[in-house]
Structures are given as structure tokens and as C-alpha cells.
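Below is one structure; the comments refer to it alone.
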Amino acid sequence: MNKQRKRKCPQCMISAFFIKNDAGDRRLVYVLEDGSIIAKYAEESLDGFDLSEVFCLGCSWHGSEKRLKR
């Protein structure tokens, strides 16, 4: 299995994020170095969640996964 590194927050440098859906529910995620967003818990689905904006769990940063540090 090809294990990819996780991207990090450009502000506080942690790799833990969350995403939201229209109802305001949150899902904990990681962003891999190829830009793919995966659920922290494999059994959780990302269906219906907005993948265009990620929110850092460690600070106030949020934005596109493209702005994360590799």
C-alpha cells in the first residue's frame, strides 16, 4: 500500500481538519499530499459534505485544500 503524507495547516502546522455539510454537521478529515480528502474514521462517509473548504482543528485557519502545506 502506498502511504501518503498528510498535508498541514499553513498557520499552525497540524494535519487534523474538519469539513461541514449544509446542516452544519462536521466530519473529521485528513488531506493527503495528492489533495484527496479522507475521513479520519474509515467507516464515515463524506457524501453530502462540502470538500471545497477545510477547517483546521488547531487554530482559526480555513480554506481550500490547495493552500495547505505539503
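The values are calculated or read from the model by the stated rules, or taken from the named source; none is laboratory data. Since the model is a prediction, treat every value here as computed from it, not as a measurement. No Cβ is skipped: glycine too gets one built from the backbone with ideal geometry, and neighbour counts run over all protein chains shown.
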Item to check | Checking residue 11 against (1) without any contact (Cβ under 8 Å) to a residue 40 or more places away in the chain; (2) out of contact with any Gly (no Cβ under 6 Å at 6 or more places or on another chain), the condition it does not meet | outcome: (1)
Checklist outcome for this item: All-but-one check, residue 49 against (1) closer than 11 Å to residue 8 by Cα; (2) at pLDDT 95 or above, failing number (1)
